[in-house]
Amino acid sequence: MISNNYVPEKINEYNVYLDGDKMIGIAASSDLPEVNMQTSTVSGVGINGEIDSPTIGQFESMEQEIQFNTLYSSAMDMLSPLSTVNLTFRAAQQVYDKNGGYAFKGLRIVEMGRVKSFKPGKIEKGESMEASITVELTYLLIEVDGQQLLEVDKLNGVYKVNGEDMLAGVNSLV
């Protein structure tokens, strides 16, 4: 857990790995996927209007877009429909220590899924191609300094927040 003495500031540096191999030539930033629970509308006697109620453990589509400066073999390695894409983002989060100085906290994000779309980009003299691959995620893990913050595994029925199993009550009944 990050101490109350730390003020989170920014990502100092990061790298992306495909199947454990460092990828070179990806764009300078990556937008991480949105995590949205599936909901249904609840209304009736005793409820003044409607409530969008989340279905615990059921999630909408999660997508990760990876942008590349140019096309090269690592980008193409993800295109095989016969294999799962296994991405790991590793970052150094810079935090200010209220007692003086700076510290760094490790951020690790693991994603797995299959390629959903491929955009070869553009060709322009002196510019990056802005190529991209979009992956439909079935697995997402977010950790800070080894502490698990979120784990969603759609294919294996796993949903954990801060290491706590959010589906324990459901699984004990089915």
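So here's what we get for this one:
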| read-out | value |
| --- | --- |
| Under 5 Å, built H, 5+ apart or other chain: amide partners of SER132 | PHE68, LYS119, GLY121 |
| Amide hydrogen neighbours beyond the local backbone of MET23, cut-off 5 Å, H modeled | VAL16, TYR17, LEU18 |
| LEU79 paired with ALA168, simple spin-label distance in nm, labels 7 Å along Cα-to-beta-carbon | 4.6 |
| Karplus 3J(HN,Hα) series, Hz, for segment 118-135 with 6.51 cos²θ - 1.76 cosθ + 1.60 (x for Gly, Pro) | 9, 10, x, x, 10, 10, 8, 4, x, 10, 6, 7, 6, 6, 8, 10, 10, 10 |
| Karplus 3J(HN,Hα) series, Hz, for segment 51-64 with 6.51 cos²θ - 1.76 cosθ + 1.60 (x for Gly, Pro) | 10, 7, 9, x, 8, 4, x, 10, 10, 6, 3, 10, 10, 10 |
| Net charge, ALA168 excluded, C-beta distance under 15 Å - Lys, Arg +1, Asp, Glu -1 | -3 |
| Sorted by Cβ neighbour density within 10 Å, fewest at the top, the residues MET76, MET23 | MET76, MET23 |
| Kirkwood hydrodynamic radius of segment 89-174, from inverse mean 1/r over distinct Cα pairs, in Å | 16.3 |
| Sequence-distant lysines (8 or more away, or on other chains) whose Cα lies within less than 19 Å of LYS98 | LYS10 |
| Base-10 log of normalised Debye intensity for the chain (one unit scatterer per alpha-carbon) at q = 0.11, 0.13, 0.14, 0.15 Å⁻¹ | -0.62, -0.81, -0.90, -0.98 |
| Order of VAL85, VAL158 under a 10 Å beta carbon neighbour criterion, fewest first | VAL158, VAL85 |
| Estimated distance in nm for a label pair at GLU143 and ALA27, the labels positioned 7 Å out from Cα along Cα-to-Cβ | 2.8 |
| Label point distance in nm, SER128-LEU150, each placed 7 Å from Cα along Cα→Cβ | 2.4 |
| Computed [θ] at 222 nm, helices only, for the chain once each DSSP H run of length n ≥ 4 contributes -39500 (n - 2.57) | -1000 deg cm²/dmol |
| Calculated FRET value between ASN86 and VAL161, using beta carbons and R₀ = 22 Å, to 0.05 | 0.45 |
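Taken together, the values in this text are just the output of simple stated rules run on the coordinates, not laboratory data. Keep in mind that this is a model prediction, so the values were computed, not measured. Positions of Cβ are generated from backbone atoms using ideal geometry, with glycine treated the same way; all protein chains shown enter the neighbour counts.
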